[in-house]
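Step one of this worksheet: look at the structure below.
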Amino acid sequence: MSSRTGVQSKVGWPDAAADYEELRVASGPRSGVTIAIAVHSTALGPALGGARMWHYETPADGIEDALRLARAMTYKAAAAGLLLGGGKGVICAPSPERPEGELRRAILLDFGDAVASLGGKYVTAEDVGTGAADMAVIAERTSHVVGLPGERGGSGDPSPVTARGVLAALRACLDHRFGDAALEGVRVCIIGAGHVGSRLARLLVNGGAEVTITDVDPSRRALAEKLGATWIDPGEAILADCDVLAPCALGGVVDAETVDRLRCAIVCGAANNILADEHLATDLTRRGVVYAPDFIVNAGGLISVYAELHQLDRHGVAALVDHIGTTIGLVLDEAERHGTTPLAEAQSLALQRLRGGAAAAA
Ligand code: NAD
């Protein structure tokens with residue numbers, strides 16, 4: 001076991017919580033792979049964060065990733081008002097190809113043992129490179145795992161909850177910007193019609209919005225036709241003339257080049273790290289574009305596994321999802337009142353909750 005403090009963050013969170021509670025690094029006895037589990041904070045509850053299986057150039061890169069992502073999870077959970085801390089597991093895959101068969105099983109069992117060794121301080125879930133079936137293997141070695149397949153009592157695919165959370169955030173943005181949260185006639189451009197984007201499109205169309213969809217996968221055009229939505233070329237979507245731009249694919253779509261050319265009133269989507277650089281939040285505010293901080297907007301994924309952990313029923317989940325809208329409304333109002341950005345207010349809110357949790361635990 002080792003611990004580190006003062007690790008540089010690439011996500012630009014306030015420095016006040018730069019300390020990590022624990023960093024566990026192991027060489028899997030069955031698989032030989034490097035496993036890193038970073039527990040950033042348990043001030044608000046067990047550190048929940050996915051298990052990322054990825055091929056890194058060096059194990060040190062994997063460890064750095066675990067630290068960086070664990071920290072972001074702390075703030076994400078705190079901002080969403082969940083009684084969860086932040087952690088992350090990283091499995092350094094031996095090659096860029098997806099490990100399969102016996103090797104995959106050996107890796108997952110090793111990871112399960114590493115999770116178990118933390119005694120519940122860290123709870124794992126699926127992430128990039130892992131899925132529900134992998135969680136079932138990890139569960140052979142530890143009970144501190146969520147995101148199990150539905151037939152195993154797990155929460156299954158989190159994207160329906162994530163899409164509902166995006167919708168709650170989007171309505172809060174509409175209310176803030178136009179004084180009306182109604183979807184009727186609102187023009188929304190969704191970039192990325194995958195798990196979350198396609199569900200969001202359906203919810204919006206059902207609510208009477210005028211939806212435009214794009215995806216690099218041309219087969220998704222069929223969805224647009226089915227829903228009665230408009231299809232737009234992927235290269236044009238970012239600059240589409242619309243009320244709401246909803247990035248639901250990869251991060252970094254709003255960058256130094258696009259920020260001054262956006263033709264939307266609101267940016268609110270599920271993608272992680274929508275802003276290529278956090279300073280762009282200031283540019284958006286300067287231009288009068290409402291930006292809903294993505295780590296609050298997309299907290300539905302976390303809520304989904306949180307519900308599994310605490311065995312919440314659908315009413316409990318619905319209340320937490322609605323809370324996403326309330327939180328977005330709050331940070332937008334505070335940003336206006338203080339002359340800051342919604343991102344700065346969201347970070348400050350998370351930090352306040354974190355400090356409150358740490359003080360209560362002391
Ligand atoms: P997904 O892989 O199912 O869908 C992404 C879609 O975006 C795919 O259809 C893909 O073809 C498309 N795409 C990729 N690059 C594109 C581009 N440049 N332009 C247009 N389309 C592009 O992923 P998802 O589960 O729907 O998640 C979407 C985003 O939301 C990701 O950033 C993810 O990290 C984030 N997120 C998802 C969840 C969840 O519950 N699934 C939770 C939190 C955050």
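The values are calculated or read from the model by the stated rules, or taken from the named source; none is laboratory data. Just so it is clear, the structure is predicted and the values come from calculations on it, not from any experiment. Heads up, the Cβs are rebuilt from the backbone with ideal geometry, glycines too, and the neighbour counts pull from every protein chain shown. SASA here: full protein model, heavy atoms, side chains in, ligands and nucleic acids out. Shrake-Rupley method; radii C 1.70, N 1.55, O 1.52, S 1.80 Å.
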Set Ala43, Ala114: member being farther than 24 Å from Asn273 by Cα, out of contact with any His (no Cβ under 9 Å at 6 or more places or on another chain), outside the structural domain of Ala346 (by TED's automatic domain parsing) and modelled with pLDDT under 95: Ala43
Restrict the check to the stretch 112-129 and report whether at least one residue is over 29 Å from Ala344 (Cα atoms) and under 16 Å from the mean Cα position of the chain (by Cα). yes
Just to check your reading of the model, which residue among Asp180, Asp157 is more than 22 Å from Thr327 (Cα to Cα), charged (D, E, K, R) and assigned to a loop (DSSP other than H, G, I, E, B)? Asp157
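Okay, residues lined up against (1) touching a helix residue (DSSP H, G or I) at 6+ places or on another chain (Cβ under 9 Å); (2) at negative phi; (3) open to solvent by less than 30 Å² (accessible area, probe 1.4 Å):
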| position | (1), (2), (3) |
| --- | --- |
| Gly50 | yes, yes, yes |
| Asp61 | no, yes, no |
| Ala66 | no, yes, yes |
| Arg71 | yes, yes, yes |
| Ala77 | yes, yes, yes |
| Gly81 | yes, no, no |
The lone exception for Leu103 - which of (1) more than 22 Å from Gln311 (Cβ to Cβ); (2) open to solvent by less than 60 Å² (accessible area, probe 1.4 Å); (3) away from the ligand (no atom under 14 Å from the Cβ) it fails: (2)
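Conditions (1) within 12 Å of the ligand (Cβ to nearest atom); (2) under 17 Å from Gly252 (Cα atoms), marked per residue:
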residue: Leu275; (1), (2): no, yes
residue: Leu280; (1), (2): no, yes
residue: Tyr291; (1), (2): no, yes
residue: Gly300; (1), (2): yes, no
residue: Gln311; (1), (2): no, no
residue: Gly316; (1), (2): no, no
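In the list Val166, Val186, which residue meets the criterion of being in contact (Cβ under 8 Å) with a residue 60 or more places away in the chain and either out of contact with any Lys or Arg (no Cβ under 6 Å at 6 or more places or on another chain) or not hydroxyl-bearing (Ser, Thr, Tyr) (or both)? Lay out the reasoning, then the answer.
On the way: Val186 fails: in contact (Cβ under 8 Å) with a residue 60 or more places away in the chain.
That would be Val166, the only listed residue that is in contact (Cβ under 8 Å) with a residue 60 or more places away in the chain and either out of contact with any Lys or Arg (no Cβ under 6 Å at 6 or more places or on another chain) or not hydroxyl-bearing (Ser, Thr, Tyr) (or both).
A quick yes/no check of all residues on (1) without any contact (Cβ under 8 Å) to a residue 60 or more places away in the chain; (2) near the ligand (Cβ under 9 Å from one of its atoms); (3) outside any loop (DSSP other than H, G, I, E, B):
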residue	(1), (2), (3)
Gly197	no, yes, yes
Leu203	yes, no, yes
Leu239	yes, no, no
Leu245	yes, no, yes
